[in-house]
Amino acid sequence: MSKALIVFATRSGQTERIAELIAEGLRMTGMEVDIKNASTIKDPAELNGYDAYLFGSATYHGEMMPSMKQLLFLAEKADLEGKCGGSFGSYGWSGEAPPRIFDTMKNIYKMKMGGDCLRLKTVSLEGGTQMAQGYGKEIGKLAA
């Protein structure tokens, strides 16, 4: 069975909720999923052993959360090249974090990225739940 790792950095809990819904979509494709807060990962070895990776962060003052920046530096030392990937996040006004994460995964880590990044103000807005689950399904199919 394929395995996915979802790592999130959140400020208000919205990005964590998006991560949970993406995990539901991944599970619908038959993947096993682990979800972790970026602040808990301290060693690049903790990123090993997965077929797909989804990294997400809230955008706060035009930036991703500091714990996600730290995770991205750690991930440079992990062997992610050629793995499936996706990025996501919540935002209030601008939403720069998910595309920056996406570009890092695609261009620095050389990962096989699914579609585009997922940016949601909140999952409680119309269609948010379906969009997050659909994103998980998209990545799950890419990893299959």
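Observations on the structure shown:
- Number of residues in segment 100-144 that are at pLDDT 95 or above, touching a Gly at 6+ places or on another chain (Cβ under 8 Å) and of a type in the set (Ser, Thr, Tyr) equals 2.
- Checking each residue in segment 79-99 for being surrounded by fewer than 18 Cβ atoms within 10 Å (Cβ to Cβ) and modelled with pLDDT of 95 or more picks out Glu81, Gly82, Pro99.
- Just one of the numbered conditions (1) closer than 12 Å to Gly136 by Cα; (2) touching a Gly at 6+ places or on another chain (Cβ under 6 Å) is not true of Ser57: (1).
- Within segment 78-111, being among the polar types (S, T, N, Q) and within 21 Å of Met131 (Cα to Cα) holds for Ser87, Ser90, Ser94.
- Scanning segment 100-115 for residues that are more than 11 Å from the chain's Cα centre (by Cα), over 14 Å from Cys84 (Cβ atoms) and of a type outside the set (Ser, Thr, Tyr) yields Arg100, Asp103, Asn107, Ile108.
- In segment 41-54, the condition of being surrounded by 20 or more Cβ atoms within 10 Å (Cβ to Cβ), at pLDDT 95 or above, β-branched (Val, Ile, Thr) and closer than 20 Å to Gly13 by Cβ is met by no residue.
- Between Gly25, Gly30, the distinction of being assigned to a loop (DSSP other than H, G, I, E, B), over 21 Å from Lys110 (Cα atoms) and modelled with pLDDT of 95 or more belongs to Gly30 only.
- Among the residues of segment 120-137, those that are touching a strand residue (DSSP E or B) at 6+ places or on another chain (Cβ under 7 Å) and buried (at least 21 other Cβ atoms within 10 Å of the Cβ) comprise Leu120, Ala132, Tyr135.
The values are calculated or read from the model by the stated rules, or taken from the named source; none is laboratory data. Computed from a predicted model, the values in this text were never measured in an experiment. Backbone-built Cβ (ideal geometry, glycine too); neighbour counts: all protein chains shown.
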